[in-house]
């Protein structure tokens, strides 16, 4: 179970020219990506097509643009990483960068990630772009428009917005808009992307809302993403805090599941059925077994991945028809439920934002209940989303990635309740549910008889 990274978020898996433009901490974002690449042993060259301030504590190497010695540069990349390069230091103390054609020449060095700051914003989190901005190289493989999340709620005045008059004309379109809201932020991204496509037509695009630590609520970011998807058909938004150890907070993606973020489901099915006296998950339920019915309902829900946690030696022949189910074997199952939680988390997709933990012995929970919880989590992005029936907490529970590091510390026969009980009320999203199934699991023969009589009605699997 890895933290979300800029490398995975940007889908950077080979040497590329990556250009950043906009406002809201571009330089910090560039340095954060450079550091991740460096830790993976990749060579990184940082430069600009405009002007940037020197990086604190890092040496800048200057080259005359018409006389860049590729052998010297290649040697520098071996000796110091990342290499920061420009033409000269200007009178105002900034690094003067290279022409876009020079960036194309530098690309020929090979085996090097070239990170380019392609415009300035005077330290502001959003800007209006003049006709000559940004200066994006047409050889860019990836362009990254950036806006700072701290601009939400700010008034549209010069102290908050770089080139505010241009911003009013191009984004507000002379309307009497006074504050930056989610719709205006999404509109700004759309405008920036339009500019980017015109200058770097062959590049991929990853929009970034940086400074997520300044957001008053995660739902603000979700709303921006929803407007981008629905109104402007922009398929992806990364939400980051470049100065944090793990910069990526959310990856919003437009998909067919009606969910803004990738969500995995983990079915906990590695218990020993001690109180039942036999394998409870293979008992008949409707036209399937208990476990098969649970799988059936989850597979019809709006999830991106389904992981089934089992113990060694469990027979899975009857599950062969469920081809979307990924199997994770808990070799430490005798240590209790916490070991299954951890096994499931370790199998979850690296780009998933949330994980729904379901119990294998709750076959009466329907797809509609799962989707109710998934929709609420996707819209509100609370740290924990759980069902309430008549005021009582039930299962399944969705945990945001923010809490995964706490879940992996659990020991013994305990579940996520120990983590939930330590949270503040505002971190929880209790979703009212009119289905008592969220409170009912199958532990004993009496539990099974009750569920059997209530739900099967003569539809049992044979045998």
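Some notes on this structure:
- Normalised by the number of residues in the stretch 263-455, the average gap of Cα pairs under 8 Å and 6 or more apart makes the relative contact order 26 percent.
- Tail beyond 20 Å, pair distance distribution of the stretch 215-320 (Cα, percent): 57
- Evaluated at q = 0.06, 0.12 Å⁻¹, a Debye calculation over the C-alpha positions of the chain (equal weights, vacuum) places log10 I(q)/I(0) at -0.34, -1.00.
- Relative to the longest principal axis of the Cα atoms of the chain, the long axis of helix 337-347 makes an angle of roughly 40 degrees.
- Taking the fewest neighbouring Cβ atoms within 10 Å as the starting point, the ordered list for 447, 304, 119 is 447, 304, 119.
- For the chain, the longest principal axis of the Cα atoms and the long axis of helix 367-380 meet at an angle of about 30 degrees.
- Taking N as its residue count, the alpha carbon Rg of the stretch 6-253 over 2.2 N^0.38 Å: 0.98
- Residue exposure sequence - 331, 191 - by fewest surrounding Cβ within 10 Å: 331, 191
- Taking all C-alpha pairs of the stretch 263-455, those more than 32 Å from each other amount to 8 percent.
- The Cα center of the stretch 147-185 and the Cα center of the stretch 72-123 differ in position by 31 Å.
- Kirkwood Rh, Cα atoms: Rg over Rh of the stretch 154-221: 0.99
- A simple spin-label model places the labels of residue 166 and residue 245 4.0 nm from each other, with each point 7 Å out along Cα-to-Cβ.
- Principal-axis analysis of the Cα atoms of the chain puts helix 290-299 at an angle of about 30° to the longest axis.
- The stretch 32-92 - convex hull of the alpha-carbon atoms, volume per residue in Å³: 94
Values in this text are rule-based calculations from the coordinates and carry no lab data. Just so you know, these numbers come straight off a predicted model, no measurement behind them. As a convention, Cβ positions derive from the backbone with ideal geometry for all residues, glycine included, and neighbour counts pool all protein chains shown.
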